[in-house]
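*Asks:* What follows is a structure written as structure tokens; I'll ask about it next.
Nothing in this text is a laboratory measurement; each read-out follows from the coordinates by a stated rule. It should be emphasised that the depicted structure is a prediction, and the values quoted were computed from it without experimental measurement. Using ideal geometry, Cβ is built from the backbone for each residue, glycine included, and neighbour counts are taken over all protein chains shown.
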Amino acid sequence: MAASRVQTAIKSAENSCKARGVNLTSKRKQVLSALLQSNKARSAYELVDYCKDEFGETLPPMSVYRILDFLQNEHLVHKLKLANKYIACTHIACDHDHGVVQFLICNSCQSVKEITIDKSTINTLQRTVEDAGFQLASPQLEINCICHSCKN
Ligand SMILES: [Zn+2]
Ligand SMILES: [Zn+2]
Ligand SMILES: [Zn+2]
């Protein structure tokens, strides 16, 4: 994400945290901007390294996990469950309803795109899963893809 868009997203995140009565501390802001600056998902340990290199901040992994929990609760960050990595929400600076998120993950360059699939598709999926005798544990789909630039 371009620097100006990172700034806009951080500003919006600050405002929404303030409106919810929680504090986007400087460490939380560092982890969020580390994720915003990447189009790939990052693990907690990659974030520890990034914050050390980029901000000269030594954050123990436990603190990074706590910060990531906070950011997830505030809907600023999503967790990719299969990869056990984190990605900044695409809609931090948006007003519209978020919906159920799905992720397209390029298996060549690991870039991630957040998309929203319409409710009826999710309902169909849910029915199919239940017909098979399973229960959908999470409606979040993480789909194995090839991105546009890797395809070309
Ligand atoms: Zn999102
Ligand atoms: Zn949006
Ligand atoms: Zn790719």
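*Asks:* Assess whether Phe103 counts as being within 15 Å of the chain's Cα centre (by Cα) and in a strand (DSSP E or B).
*Replies:* In short, yes.
*Asks:* Consider segment 92-102. How many of its residues are free of Cβ contacts under 8 Å to residues at least 60 places away in the same chain and surrounded by 15 or more Cβ atoms within 10 Å (Cβ to Cβ)?
*Replies:* 2
*Asks:* What do you reckon, is Lys40 more than 16 Å from ligand 2 (Cβ to nearest atom), under 12 Å from the mean Cα position of the chain (by Cα) and in contact (Cβ under 8 Å) with a residue 60 or more places away in the chain?
*Replies:* Yes, satisfied.
*Asks:* Which residue out of Ile143, Ile87 is within 20 Å of Gln30 (Cβ to Cβ) and part of a strand (DSSP E or B)?
*Replies:* It is Ile87.
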